[in-house]
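Here the structure is laid out as structure tokens; the discussion comes afterwards.
The values are calculated or read from the model by the stated rules, or taken from the named source; none is laboratory data. Source: prediction; values computed, not measured. Neighbour counts run over all protein chains shown; Cβ positions are idealised from the backbone, glycine included. These accessible areas exclude ligands, DNA and RNA; they are computed on the full protein's heavy atoms, side chains included. Shrake-Rupley method; radii C 1.70, N 1.55, O 1.52, S 1.80 Å.
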Number of protein chains: 2
Amino acid sequence: VTTTYLETGVDLRAASDLAERIRGRIGSGLFGGFVPVWQLKAYRNPVLVSSVDGIGTKTRLAAQLGRIDGLGRDIVHHCVNDIAVHGATPLFFLDYLAFHRLEPAVAGSILDDIEAACSSLGIKLVGGETAEMPGVYREGCFDIAGAIVGAVEQDEIVDGGTIRVGDVLIGLASNGVHTNGFSLIQSLFSIDEYDTFEPALGASLGESLLPPHRCYFHDIQSLLAHGHVHGLAHITGGGIAGNLSRVIPAGLQAVVELPPAPPLFQLIQEHGVSTGEMRGVFNLGIGIIAVCDARILAHLPAGWVTIGSIRENHEYAERVVFTS
Amino acid sequence: VTTTYLETGVDLRAASDLAERIRGRIGSGLFGGFVPVWQLKAYRNPVLVSSVDGIGTKTRLAAQLGRIDGLGRDIVHHCVNDIAVHGATPLFFLDYLAFHRLEPAVAGSILDDIEAACSSLGIKLVGGETAEMPGVYREGCFDIAGAIVGAVEQDEIVDGGTIRVGDVLIGLASNGVHTNGFSLIQSLFSIDEYDTFEPALGASLGESLLPPHRCYFHDIQSLLAHGHVHGLAHITGGGIAGNLSRVIPAGLQAVVELPPAPPLFQLIQEHGVSTGEMRGVFNLGIGIIAVCDARILAHLPAGWVTIGSIRENHEYAERVVFTS
């Protein structure tokens, strides 16, 4: 008896074809997957900023609804946003795809989307790994992760260190739940509920949940050019408190006055999620929060709305609190 | 009825505690997770080289056998080796851990091992992501991936471009199957076979399969300092042909004279795997192959053995063939 890898559920030929395709799409630059540091010559004193992230169980719902076409943008934009909040410009990206069973059409679609997202942002896709692991992943399931490296001038790193009492919080609207809370969402709704038109959403639940994570890079760069920015937070898993608290220095407290959550979040909450849980999981309609000198209110850039302020934190309380 | 994330199988508090721990271990340097490019000032014209990889279903066997303590080194060494074959020195690393259910003790052990591996190689652990996805991963299963960035002088990039007829192939011994072929292996053996002492191995099968992937960085750096190196291949998934063929230029062919495979590979093959499948999946005892000017044979560095040579490839045949 001879056992082949194909029989155990791992199709090396499909993986190899896909790898060839990945390789074929990389290397159009002078050094292929290599990034010469002289490309940073426009910087005075560049610092590399990097991040790794995944898009969670959004992959599962997208696959079940047959709408995987935004997942590549999800991972690229998520990673870009994560370093953009430090003031960084993305340089290069690497993807990691892992499947129960490699489906070349699915993988190819995801790679097309990753490539398009990178291309539109001037990011070099320098590498990737595609794995097939029937023994680890559930049937029909896959995972998408990515790593990004960008650069920022050392004296222009945004890290919250200059935040002070009297600063204001301004927020930029998210375009949905992004990639967070999908395990919770999938425990609340049965698969046939996603295609029903929801009057409150003006669309079906599936159409409202799956649009790819918005890229905030250009909004953030414009705001930084505008000036007065002391700190920035990308609102991902952990919600506003979980993400904003990381940039609030000791001795200070952010008081958040949340606008009413968009209908999508209200609909989720109505299905039996507490306010505390909603706040700890979802962005509640705010994709990015900037902590700025109050002078920014004189000319608040379009798209940003005031959502709170910074005060002293005498009692070593939580660094982020809500007014209601 | 209120649904919490904990009830759906995602323990945000455990994730947050772990995230705090990760954050607590990062940032001991001047810029925390940031890597100033001036740290590359010793380079004349540095090029950044990066790679992303995973360790496949080795995680599953390690978890089943209760021996997860080497998995962190597996991912770090795998990534280091991937860029070392381009002549690069690793600079910084990011990890991605994804679980069916986050087990803090398991995650902590893996992170300890990642941290130790990075530390011993002078690599900065600049970030990481830990995800809990009960809907995507099988019960008790988890995945480990990582991304690495290193640097090499632009005029010292090793990419196989200078390989020519008459060059010799030299190989460095692997220390087992590394992280490849575990789906196949787990289809061949039942779980109770891993703890039985195997006379041919001088150990149990489990003890022979699980040692972490050897790090070849220092061996490669020594060889490069020795000179005469035209190309290097890290033998991972796809075996010798799959990995060596990527560095062989068009019009040339590598003829590989394989030494007898170590007992571990013989034992696997005896359980019903064809020679072709063995060659396409496993490293067969060779962890790294260097393609070198034949003058290297006059003073072959310790540990390296001759395993073939380069000839013309008139017939557009496979770029790698075996003599038997």
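Before moving on, here are some points about what is shown:
- Heavy-atom accessible surface of the protein assembly as shown: percent carbon and sulfur, 1.4 Å: 51
- GNM on chain A, alpha-carbon springs under 10 angstrom: the most fluctuating residue among A:Gly237, A:Gly272, A:Gly108 is A:Gly272.
- Along chain A, longest interval not containing exposed GluC sites (Glu not before Pro), exposed being DSSP loop plus at most 13 other Cβ atoms within 10 Å: A:8-138
- Around the amide H of A:Leu91, modelled in the peptide plane, lie the amide H atoms of A:Val149, A:Gly150, A:Ala151, all under 5 Å away and 5 or more residues distant in sequence or on another chain.
- Amide H to amide H distances under 5 Å link B:Glu198 with B:Ala203, B:Ser204, B:Leu205, where only residues 5 or more positions off or on other chains count and H is placed in the peptide plane.
- Distances between equivalent label points of A:Asp112 across the copies, with each point positioned 7 Å along Cα→Cβ, amount to 4.7 nm, shortest listed first.
- Take chain A and mark each of the trypsin sites (Lys or Arg not before Pro) that is in a DSSP loop with at most 16 other Cβ atoms within 10 Å; the longest unmarked stretch, sites excluded, is A:165-324.
- Pairs of alpha carbons in chain A whose separation is greater than 39 Å (percent): 18
- Straight-line cross-link partners of B:Lys124 among the lysines, defined as a Cα under 29 Å from its Cα and at least 8 positions apart when in the same chain: A:Lys41, A:Lys124, B:Lys41, B:Lys58.
- Label-point spacing at B:Val305 relative to the other copies reads 7.1 nm, in ascending order, each point sitting 7 Å out from Cα along Cα→Cβ.
- Per the axis that maps chain B onto chain A, nearest residue of B (Cβ criterion) and its distance in Å: B:Ala147, 2
- P(r) tail fraction, segment A:40-107 - alpha-carbon pairs more than 15 Å apart, %: 61
- log10 of Debye I(q)/I(0), alpha-carbon scatterers only, for the protein assembly as shown at 0.05, 0.08, 0.12 Å⁻¹: -0.23, -0.60, -1.28
- Relative to one another, the C-alpha centroids of segment B:175-247 and segment A:52-76 are positioned 33 Å apart.
- Convex hull volume of the Cα atoms of segment A:190-319, normalised per residue: 123 Å³.
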